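Read through the structure below, which is laid out as structure tokens, and then see the notes.
The values are calculated or read from the model by the stated rules, or taken from the named source; none is laboratory data. All values derive from a computational prediction rather than experimental measurement. Using ideal geometry, Cβ is built from the backbone for each residue, glycine included, and neighbour counts are taken over all protein chains shown. To get the accessible areas, we keep the full protein, side chains included, count just its heavy atoms, and leave off ligands, DNA and RNA. Shrake-Rupley method; radii C 1.70, N 1.55, O 1.52, S 1.80 Å.
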Amino acid sequence: MKAFRLDDLEAERAAHDGAYLRFLRERNMSAGLYALDAGTVDPQQPHEQDEIYFVVSGRGSLTVGAETTQVARGSVVHVPAGTPHKFHHITEDLRVLVVFSPPEG
């Protein structure tokens, strides 16, 4: 079993000055914590893997392909592999749990 605490993951991510911290990589999936502060620009490009986003905290918008939705704590969004997507209009610092399948590089 592997167990994680969100506070510990956020501290590790912040200590490495990065927006993304991958904390788990297994044969069929990987997981990370993604952080975007209010007003920042999301630099993502489409990924080769399916993704699930679970918003842990914050508020903003997410566009996936041609569809846009508002996201906030508790939102869960699936992004199909290869689909352009971006968080934007971030009004409260976003912290997002990301699950990739298959695992990201």
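Pulled fully out, how much extra length does the chain show between Phe54 and Ala14, if you take 0.36 nm times their separation in residues and subtract their Cα-Cα distance?
On the way: separation 40, 0.36 × 40 = 14.40 nm, distance 1.91 nm.
Here the answer is 12.5 nm.
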- Message: No solvent, one uniform scatterer per C-alpha: report log10 I(q)/I(0) for segment 56-101 via the Debye equation at q = 0.24 1/Å, two decimals.
- Response: -0.89
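With only alpha-carbon pairs counted, each pair once and no self-pairs, how large is the Kirkwood hydrodynamic radius of segment 10-57 in angstroms?
On the way: mean 1/r = 0.0811 Å⁻¹.
Computed over segment 10-57, the radius equals 12.3 Å.
Expected output is a single nm value to one decimal: the length gained when fully extending between Leu24 and Ser61, i.e. 0.36 nm times separation in residues minus the C-alpha distance. What is it?
Numbers: separation 37, 0.36 × 37 = 13.32 nm, distance 2.61 nm.
My answer for the length gained is 10.7 nm.
I need to check one value: relative contact order of segment 1-95, counting alpha carbon pairs closer than 8 Å and at least 6 residues apart, in percent.
Values: 179 pairs, mean separation 27.7, N = 95.
Over segment 1-95, the number comes to 29 percent.
Give the peptides 89-96, 7-14 in descending order of average Cβ contacts within 10 Å, highest first.
Averaged packing, sorted descending, gives the order 89-96, 7-14.
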- Note on the structure: The long-range amide H neighbours of Arg73, using H built 1.01 Å from N in the peptide plane and a cut-off of under 5 Å, are Gly58
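In whole percent, how big is the carbon plus sulfur part of the accessible area of segment 1-88, probe 1.4 Å, protein atoms only?
Details: 2840 of 5390 Å².
Summing carbon and sulfur atoms, their accessible area is 53 percent of the total for segment 1-88.
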- Message: Checking the a/c ratio against 1.5 first, then a/b against b/c, what shape does the Cα gyration tensor give for segment 28-79?
- Response: rounded
- Task: List the residues whose amide H sits under 5 Å from the amide H of Glu104, counting only those 5 or more places along or on another chain, with H placed 1.01 Å from N in the peptide plane.
- Result: Ser30
